[in-house]
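No lab work stands behind these numbers, since they all come straight from the coordinates. Since this is a predicted model, take the numbers as computed values, not measurements. So basically every Cβ, Gly included, is an ideal-geometry build from the backbone, and we count neighbours across all protein chains shown.
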Amino acid sequence: MNIVYSSSDSYAPIAGVSLYSLLTNNTECKELNVFIIDNHISDKNKEKFAKMCEDFARPLYFVPIADIEKLAGTSIDIGRWNISTFGRLFEASLLPKWVDKVIHVDCDTMIMSSLEPLWNLDMTGKIVAGALECIGDNYKTEIGLSADDTYINAGNIMLNLKKIRQDGTEDLFKKYIAEHAQLSFVDQAVLNACVPSDKKLVVPLEYNAYSMIFYVKYENLKRVKRVSSYYSKKEVAQAVKNPCIVHFTTCFMDGTRPWMENNFHPMLDKYLEFRQNSPWADEPLWKDNRNKIKKAAYKIFTVLPERLVTSAIGFVHGVIIPLKNKRKSKAEV
């Protein structure tokens with residue numbers, strides 16, 4: 001298997017814990033190559049990555065991140081995101097030519113079991129394999145898709161680099177970025193807009209068990225995102241019960257994440273166990289720097305009826321924000 005992370009130095013300890021969990025739970029894999037797209041990671045953190053991979057007898061390759069804006073030929077409005085997130089769009093160019101396929105794993109994850117069943121999926125004719133995003137139709141139409149088109153979460157994906165090179169897909173990414181200054185979900189929007197549905201392979205949600213499915217009941221999960229096409233209730237329950245990749249995404253029902261103070265994710269204890277056994281065990285938890293308004297909002301969300309909260313959040317994220325983005329995009333044209 002070829003595994004790729006993309007990290008800045010500030011996120012290196014988080015990526016390190018994720019990689020430690022992956023190495024621990026994939027010891028039976030005959031070949032496992034680790035690539036880290038390096039956005040100015042410090043020598044200290046690189047040494048920790050190297051020692052950890054050496055302990056597991058796995059080769060490690062640091063790949064300098066490209067100048068993404070230069071590569072795309074335009075400035076990029078990344079908002080609260082880090083430019084590292086765009087690295088996955090250009091892995092076909094960044095990685096050695098002998099690497100035909102990769103599993104890209106987000107830093108904010110925890111690997112609970114073998115990734116080989118995912119790796120062994122047939123990618124013939126496909127560019128990307130990933131889990132469906134829980135997202136409303138307005139976000140699809142915003143990037144030129146129809147409501148019926150497949151929209152995947154780009155956090156944890158398998159990429160067919162050989163086909164990307166053959167099809168010249170990176171040129172499509174560059175063109176789309178250059179023509180769209182405002183992107184609601186940065187690289188995820190680019191990936192979904194440029195890769196047609198018939199070249200996307202949808203995988204079970206347990207390969208990208210993002211936070212919301214742990215906090216919100218199924219019927220409210222669909223309500224909060226105004227989703228028309230999604231996994232079945234049984235499939236979501238399976239992902240919650242037996243996730244392979246736990247993805248610690250932000251969620252309105254939990255204002256922090258496991259490497260931060262005041263977190264209460266249902267799988268927090270397991271994460272802290274991996275963290276304690278990793279080379280970053282002595283790193284302090286991040287401070288909970290939310291302002292008073294945000295902290296109060298999260299407290300209110302946890303005491304009000306879930307149906308009421310999800311309906312309100314659904315209106316904001318499913319109607320108001322997409323409408324605002326649409327108007328902003330028109331103003332920029």
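Where a Cα-Cα gap under 24 Å defines reach, which lysines qualify for Lys48, not counting those fewer than 8 residues away within the same chain?
Lys30, Lys270, Lys287
Report the paramagnetic label zone for Thr250: residues of the range 187-211 whose backbone N is under 16 Å from a point 7 Å from Cα along the Cα-to-Cβ axis.
187-189, 211, by backbone N distance to the label point.
Given the C-alpha centroids of the range 83-124 and the range 267-319, what is the distance between them in whole angstrom?
27 Å
Rounded to whole Å, give me the distance from the Cα center of the range 140-192 to that of the range 2-27.
First find each Cα centre; the distance between them is then 24 Å.
Treat each spin label as a single point 7 Å out from the Cα along the C-beta direction, and report the Glu261 to Ala57 distance in nm.
For the pair Glu261/Ala57, the computed spacing is 4.4 nm.
Using packing as a proxy for protection, rank 161-170, 277-286, 126-135 so that the peptide with the highest average count of other Cβ atoms within 10 Å comes first.
Going from most to least packed, we get 126-135, 161-170, 277-286.
Which of rounded, prolate or oblate describes the range 80-227 when judged by the alpha-carbon gyration tensor and an a/c cut-off of 1.5?
Taking the square roots of the gyration eigenvalues as a ≥ b ≥ c, the range 80-227 is oblate.
List residues of the range 5-44, by number, whose backbone nitrogen lies under 15 Å from a label position 7 Å along Cα→C-beta of Asp100.
None, by backbone N distance to the label point.
For the range 2-332, what log10 I(q)/I(0) values come out of the Debye formula at q = 0.07, 0.12 1/Å, with one point per alpha carbon and no solvent?
Each listed q corresponds, in turn, to -0.27, -0.87.
How much length would be gained if the chain were fully extended between Lys234 and Gln276, taking 0.36 nm per residue of separation minus their Cα-Cα distance, in nm to one decimal?
Details: separation 42, 0.36 × 42 = 15.12 nm, distance 3.34 nm.
Once the chain is fully extended between Lys234 and Gln276, it gains 11.8 nm.
Calculate one ³J(HN,Hα) per residue across the range 202-214 by plugging θ = phi - 60° into the Karplus curve 6.51 cos²θ - 1.76 cosθ + 1.60, and present them in order as whole Hz with x for glycine and proline.
After applying 6.51 cos²θ - 1.76 cosθ + 1.60, I find 7, 10, x, 5, 5, 8, 6, 7, 6, 4, 4, 5, 7 Hz.
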